[in-house]
Amino acid sequence: MREIVLINITGEDRPGLTAAITGVLANNGVSILDIGQAVIHDFLSLGILVEIPGTEQASSVLKDIQQLVSALDQQVRFAPISEADYQHWVTEQSQKRHVLTLMSRQVTAHQLQRVTTIISQYGLNIEHIDRLSGRVPLDAPLELSKSCIEFRVCGEATDIQALRAEFFNLAQELNVDIAFQEDTLFRRNRRLAVFDMDSTLIEAEVIDELAKAAGVGEQVSAITERAMAGELDFKASFKERLALLKGLDVSVLDSIGASLRLTEGTEVLFAELKRLGYKTAILSGGFTYFAKQLQAKLGIDYVFANELGVVDGKVTGVAVEPIVDAQRKADLLRELAQKEGLSLEQTIAVGDGANDLPMLAIAGLGVAFRAKPLVKQSAKQAISNLGLDGVLYLLGQRDRNSQG
């Protein structure tokens, strides 16, 4: 009678260990039903689920394994598995699966305890936990650190909307980022990434910087703040702000452009997206003049932004149609996806303002980046505590695999 046994081996990692153990199994015609291995700080944990043809042979195989691991200074545990339990395990592979990504400057035990408690409370089971971030020195400055833990979970949540709300509230409470995605084919197969520019790729709202140069900084920034928070219609507020810039000398554009700072992680993200074969685009309610500068610096494929009307070296204050507003951004995302032969599920959209919500909603992965409260709550995912390169963690990318 065949025997199904789970073999768990732990101890200090060493080269050739797995080969030696599977060699014993191979010599006895053993079938491997499942296998998993992890090494944490040079300490190995290896699990092998095996099917051994007969009971007498099982005794001999397990004895050989026991002798081998003892000689290699390892510990081993054997757990018999009934055929009924094995069949139940097989049927569970059709369960829905999700990926939860926890991002913080420094992950703590308290954060993990709170997250895993919620997972359990909603009837989900953790199948795998992995660290995506690189190894961080103990004395690394906290503001430069980044930590990311990925959980793969299975099961049907008792209330998926309530679960997402719990994670959202916990993220605000603990100042961490928690992303919860269905683990589908598309998660690692996205090919187009589009970005807002102001306060997303750069750390400023360019129209506010222009307004400062025109002497109307406070007036314009107040309108910008309300527009980005979703309190004002973007197109109307854009025209209102632009009118206040009438007469501004375009000679100030170069100095403003030179002063703009990229958001943390932007260069790393674009280098990695390019290496992975992504097409990238800026879809901005800002101005083409500055977006083109970013395009040259970051190697961006497409740019769609607003033209700054100029006559005789002075800003006209009149909007040049079509204005890139919320609906225009969503339409452009659809057009670019179609042009590249992609489904919307294969796209990523990142932005911070209310005018980004329509494109975030239709993208396969919509990310609110350091966003206004309304945007953060409405978007599928949000990153507020790490840099823009945190998007790579949502794709399952590890720091050690990145060349950015």
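The values are calculated or read from the model by the stated rules, or taken from the named source; none is laboratory data. The structure displayed is predicted, hence computed values, not measured ones. Cβ: placed from backbone, ideal geometry, glycine included. Neighbour counts: every protein chain shown. Surface areas here come from the heavy atoms of the whole protein model, side chains and all, with no ligands, DNA or RNA. Shrake-Rupley method; radii C 1.70, N 1.55, O 1.52, S 1.80 Å.
Some points to look at:
- Legend: calculated FRET efficiency, ASP34 to LYS292, from the Cβ-Cβ distance at R0 = 60 Å, rounded to 0.05, equals 0.65.
- Of ARG398, ARG77, the order by accessible heavy-atom surface (1.4 Å probe, DNA, RNA and ligands excluded), from most exposed downward, is ARG77, ARG398.
- Pairwise label distance in nanometres, HIS128 with VAL24, each label 7 Å out on the Cα-Cβ vector: 2.6 nm
- Partners for LYS372 among lysines (Cα-Cα distance below 17 Å; same-chain residues under 8 apart left out): LYS380
- Cα gyration tensor shape of the stretch 214-337, rounded if a/c is under 1.5, else prolate or oblate by comparing a/b with b/c: prolate
- Cross-link table LYS235/LYS329; LYS96/LYS279; LYS339/LYS376, entries beyond 18 Å C-alpha to C-alpha: LYS96/LYS279; LYS339/LYS376
- Protection-proxy order for peptides 372-382, 342-352, 210-220, each taking the mean of Cβ atoms within 10 Å per residue, highest first: 342-352, 372-382, 210-220
- Cα→Cβ-extended label distance, 7 Å offset, between ASN401 and GLU340, nm: 1.8 nm
- Two-site FRET efficiency, GLN113 against LYS314, from Cβ-Cβ distance with R₀ of 56 Å, rounded to 0.05: 0.40
- Label-point separation in nm, SER251 to ARG14, each point 7 Å along Cα→Cβ: 7.6 nm
- Cut-off 16 Å (backbone N to label point 7 Å along Cα→Cβ of GLN219), residues of the stretch 232-252: 237-249
- For the pair ALA165 and HIS88, a Förster radius of 35 Å applied to the C-beta separation gives a FRET efficiency near 0.65, rounded to the nearest 0.05.
- Three-way shape label, the stretch 270-330, alpha-carbon gyration tensor, a/c 1.5: oblate
- Gyration tensor (alpha-carbon) shape descriptor, the stretch 3-92, a/c threshold 1.5: oblate
- If you sort ASP356, ASP139 by accessible surface, 1.4 Å probe, largest first, the order is ASP139, ASP356.
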